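Have a look at the structure below, then the notes.
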Amino acid sequence: MTAAKPAHLGFLVSHRGSNMQSIIDACKDGRLNAEAVAVISNNGDAAALERAENAGIPAYHIGGTNFPDEQERDRVIRDTLLRHKVDLVILAGYLKKIGPGTLRAFKGRMINIHPSLLPRYGGRGMYGMKIHQAVIAAGETETGVTIHLVDDAYDSGRVLAQRRVPVKSDDTAERLAERVLKVEHVFYVETLEKILSGEIPLLQ
Ligand code: GRF
C-alpha cells in the first residue's frame, strides 16, 4: 500500500507565527504527512513572513495597504491559495476576517486555533493578552485551547478539539499566556495529525 500523498497546507498569519513554525517543523521532520506550500500575511512586517522565507516557503503580503479594495484582496488571497493547490488552510494568529470568496473556496477546509475554551472568551475584540487578562479577572480555575472550523464570524465555527489548561492562583496574564502557548504548539500539531488521518472529520 502506498502512503497518502502529503496534504498541502496554506497559512494565514498576522504576527509572530510561532504556531505556524511548530507545524512547519512537524512537516519537515515527518511527524505530519503534510507540506507547507504558502504563507500569507496581512502584515508586511510579520515575523511569520520571515519564518516562511527562512523555511523556503513562498510568502506573500496581502493586506489593506497593498490591496485596499476588500473584494480584490479576498480574490487575491483565494487565488494564491488555489494556485498553490492548498488542501487545508491553517489560521494561526490571523487577526482579519476571511472574505466570502476565500471562505466559499475553502469551506470545511479552513481551521483556526484560539487560546481559550470557546465559546468562552471568544469573538470580536478577544485576542492576544486580552483573553488571558479576562480569564484571570473572572477568577477562572481553568482555561485552554480550542481548534475550530472557520466560518464568517470570529471564533464561531464548529469546535474540532479542545484541551484544558489549569489557571494557577498566582498566575499573571503573561505567565498564563506563556503556558497556554506551549500547549498550543503541541496541540495544533496533534490535532492536525488527527484531521489528516480522518480521525477528526472536518465535514459532517
Ligand atoms: C495564538 O495564541 C493563537 O491561539 C491566536 O493568536 C496567537 C498567535 O501566536 N489565534 P503565534 O503567531 O502563533 O505565535
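Points worth noting:
- Looking at the chain, the accessible area is 52 square angstrom per residue; that uses a 1.4 Å probe and ignores ligands, DNA and RNA.
- Amide proton proximity set for residue 36, modelled H, under 5 Å, gap of 5+: 9
- The chain - percent of accessible surface contributed by carbon and sulfur, probe 1.4 Å: 51 percent
- The trypsin sites (Lys or Arg not before Pro) of region 114-187 that DSSP puts in a loop, and whose beta carbon has at most 14 other beta carbons within 10 Å, are 124, 158, 168.
- Ratio Rg/Rh [Cα only; Rh per Kirkwood] for region 1-123: 0.97
- Here the ratio of the Cα radius of gyration of region 78-204 to 2.2 N^0.38 Å is 1.09.
- Partners of residue 97 within straight-line reach, counting lysines whose Cα lies under 24 Å from its Cα and excluding those fewer than 8 residues away in the same chain: 85, 107, 130.
- Antiparallel bridge percentage (DSSP; both residues within the chain; nearest 5): 40 percent
- Helical mean residue ellipticity (222 nm; -39500 (n - 2.57) per DSSP H run of 4+; nearest 500) of the chain: -11000 deg cm²/dmol
- Qualifying lysines (Cα of each under 16 Å from Cα of residue 28; at least 8 residues distant if same chain): 5
- Applying the Karplus relation 6.51 cos²θ - 1.76 cosθ + 1.60 with θ = phi - 60° to region 54-67 yields 3J(HN,Hα) values of 4, 8, x, 9, x, 10, 10, 9, 10, x, x, 6, 9, 10 Hz, where x marks Gly and Pro.
- Sequence-distant aspartates and glutamates (8 or more away, or on other chains) whose Cα lies within less than 16 Å of residue 182: 25, 142, 171, 174, 190
The values are calculated or read from the model by the stated rules, or taken from the named source; none is laboratory data. For clarity, every value in this text was computed on a predicted model and none was experimentally measured. Counting neighbours? That spans all protein chains shown, and the Cβs are built from the backbone with ideal geometry, glycine included. Please note that ligands, DNA and RNA were not included when accessible areas were found on the heavy atoms of the full protein model with its side chains. Shrake-Rupley method; radii C 1.70, N 1.55, O 1.52, S 1.80 Å.
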